[in-house]
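S.K.: Let me begin by handing over the structure; questions about it come next.
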Amino acid sequence: MSQVRLYRPPVSLTWWLRKPSYLVFMLRELSSVFIAWFVAYLLMLVYAVGSGPGAYRDFLDLSANPALVVLNVIALAFVLLHTVTWFGLAPKAMVIRLGALRVPPNVILAAHYGAWLVVSAVVAWVVLR
Amino acid sequence: MPESITMEVWRYRPERESEPTWDSYEVPLRKEWAVLDGLNHIKDQLDGTLSYRWSCRMGICGSCGMTVNGEPKLGCSTFLTDYAPGPVRVEPLHNFPVIRDLVVEMGDFMAKLPTVKPWLVGDDEPDEDTEYRQTPVEMDDYKRYSMCINCMLCYAACPVYALDPEFIGPAAIALAQRYNLDSRDAGAEDRRDVLASAEGVWACTFVGECSVACPKDVDPAGAIQRYKLTAANKAVRDLLLPRGAR
Ligand code: SF4
Ligand code: FES
């Protein structure tokens with residue numbers, strides 16, 4: 001094979017705009033940055049709560065800053081994208097059999113959304129109580 | 001229906017040109033003609049220098065993978081009338097080096113495939129008159145993955161493979177699962193090092209285009225996600241359980 005001059009087509013810089021699924025792939029890769037931000041933000045909250053009322057008040061003031069609100073809204077959108085696409089692949093990964101029958105993929109998907117709802121409700125109850 | 005359709009074919013002849021070019025041909029548009037029939041017409045009647053691969057012309061051999069209007073397709077199962085009034089643009093499969101015209105170099109896949117041991121691995125050789133019994137339910141577990149024809153459409157559709165050529169790729173993983181999930185096989189542990197590596201299932205970020213492209217409904221994306229769960233389970237067990245209980 002060594003005498004053959006192979007042509008290697010270059011990968012274009014905008015390949016990810018060619019298909020919606022490629023774009024979603026890039027957005028999901030990007031979403032990891034925002035997930036990291038939410039983790040950092042949560043740690044900041046925990047730290048502020050642990051450091052007393054003054055620090056907590058400062059944290060709330062910081063959070064009310066319009067720039068931070070915008071950042072958090074964008075981050076929330078990315079985290080939701082991440083979650084929805086993650087749930088979307090769960091039925092592919094989980095093949096559950098009951099005897100000879102396979103649990104249908106949409107049941108597995110519904111169970112994931114159900115669990116999400118329950119956890120969110122518990123968190124909301126703890127926060128708003 | 002018009003009488004003919006224009007086929008724009010990607011040409012690369014290494015002895016003539018260092019950059020690929022396009023050639024246009026008018027071919028008859030018939031309802032039973034696939035893209036491959038159009039190429040055969042070009043080769044027989046218009047331009048004998050055109051190179052491409054084909055054999056069975058019935059979606060079984062997997063040799064006629066090509067890019068038709070930007071999508072990876074089997075040339076023999078893609079009908080010209082679906083692209084009327086044209087033109088139809090035919091390119092080699094994406095993500096592979098090109099040898100000539102529509103002929104790509106698949107050596108990379110050929111090197112990766114044996115690393116996942118795509119054959120039945122036995123604990124010990126059965127004696128000659130042993131029958132391996134298998135129920136229909138057991139066969140259902142892997143049958144879908146056994147339909148792969150190595151056409152490489154899934155590799156052409158995969159952006160992860162384009163960006164990271166070390167990725168062992170959709171079909172190789174689906175074929176590994178074809179044996180992992182076979183009740184007669186005992187090789188899952190042997191395949192684990194390759195499958196559960198960074199170049200194995202963990203390189204996949206679930207774009208899902210491999211399963212869209214697959215002409216045999218193998219669902220390689222599903223095979224990969226399923227193995228991710230298996231690999232994660234195994235890793236946790238290795239960490240937590242004593243050797244005997246794994
Ligand atoms: S998994 Fe499907 S697309 Fe990929 S090589 Fe096999 S048959 Fe072709
Ligand atoms: S010629 Fe065999 S699959 Fe198309």
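S.K.: In what order do A:L117, A:L71 fall by count of nearby beta-carbon atoms within 10 Å, going from fewest to most?
M.R.: On the way: A:L117 10, A:L71 14.
The fewest-first ordering by Cβ neighbours comes to A:L117, A:L71.
S.K.: Let me ask you something else. Only four residue types carry charge here, +1 at the Cβ of Lys and Arg and -1 at the Cβ of Asp and Glu. Report the dipole size of region B:28-115 about the Cα centre in Debye, rounded to the nearest 20.
M.R.: On the way: 9 positive and 10 negative charges, 26 e Å.
Dipole magnitude for region B:28-115 comes out near 120 debye.
S.K.: Just need the relative contact order of region A:32-129 here, percent rounded to a whole number, with Cα pairs under 8 Å and 6+ apart. Numbers along the way, then the final one.
M.R.: On the way: 35 pairs, mean separation 20.2, N = 98.
The normalised contact order for region A:32-129 reaches 21 percent.
S.K.: Something else now. Peptide A:7-17: average number of partner chain Cβ atoms within 10 Å per residue? Don't skip to the answer; put the middle values down first.
M.R.: Numbers: counts 14, 4, 12, 0, 5, 0, 0, 0, 4, 2, 0.
That average works out to 4.
S.K.: For B:S24 and A:A124, what does the FRET efficiency come to when R0 = 56 Å and r is the distance between their Cβ atoms, rounded to the nearest 0.05? Don't jump to the answer; show the numbers that get you there.
M.R.: Working: r = 63 Å, r/R0 = 1.12.
Efficiency, from the Cβ-Cβ distance: 0.35.
S.K.: Do any GluC sites (Glu not before Pro) in region B:1-44 lie in a loop, going by DSSP, with at most 14 other beta-carbon atoms within 10 Å of their beta carbon, and if so which?
M.R.: Values: sites: B:E3, B:E8, B:E15, B:E17, B:E26, B:E32; in loops: B:E3, B:E15, B:E17, B:E32.
Passing both the DSSP loop test and the Cβ count: B:E3, B:E15, B:E17, B:E32.
S.K.: Mind checking which of A:V127, A:G52, A:T83 is farthest towards the positive end of chain A's charge dipole, using Cβ charges of +1 (Lys, Arg) and -1 (Asp, Glu) about the Cα centre?
M.R.: The Cα lying farthest towards the positive end belongs to A:T83.
S.K.: If we count every other residue with Cβ under 12 angstrom of B:P118's Cβ, Lys/Arg +1 and Asp/Glu -1, where does the sum land?
M.R.: Numbers: positive: B:K112, B:K117, B:R178, B:R191; negative: B:D182, B:D185, B:D190.
Surrounding charge for B:P118 is +1.
S.K.: Another question about this same structure. Other chains near B:159-168: what is the mean number of their Cβ atoms within 10 Å of each residue's Cβ? Kindly include the intermediate steps, with their values, before the conclusion.
M.R.: On the way: counts 9, 1, 0, 4, 3, 0, 0, 0, 0, 0.
That works out to 2 on average.
S.K.: Once a ≥ b ≥ c are taken as the square roots of the eigenvalues of the Cα gyration tensor of region B:44-182, is the result rounded (a/c under 1.5), prolate (a/b larger than b/c) or oblate (a/b not larger than b/c)? Display every interim value, and only then the final one.
M.R.: Details: a/c = 2.37, a/b = 1.94, b/c = 1.23.
In terms of gyration-tensor shape, prolate.
S.K.: Place the peptides A:96-103, B:37-44 in order of packing, highest mean first, counting for every residue the other Cβ atoms within 10 Å and averaging per peptide. Let's see the in-between values first.
M.R.: Values: A:96-103: 10.4, B:37-44: 18.9.
Highest mean packing first, the order is B:37-44, A:96-103.
S.K.: Pull up the cross-link candidates among the lysines for A:K19, meaning alpha carbon to alpha carbon under 19 Å and not fewer than 8 places away within one chain.
M.R.: In chain and number order, the partners are B:K73.
S.K.: While we're looking at this one, here's another question. Can you list the aspartates and glutamates whose alpha carbon is less than 16 Å from that of B:K143, not counting same-chain residues fewer than 8 positions off?
M.R.: Output for B:K143: B:D182, B:D185, B:D217, B:D219.
S.K.: I'd like to compare B:108-120, A:52-64: which one has the highest average count of other Cβ atoms within 10 Å, and what's the full order after that?
M.R.: Put in order of decreasing packing, that is B:108-120, A:52-64.
Since every read-out is calculated from the coordinates, none of them should be taken as a lab result. Computed from a predicted structure; not experimentally measured. With ideal geometry, Cβ positions are generated from the backbone for all residues, glycine too; neighbour counts draw on all protein chains shown.
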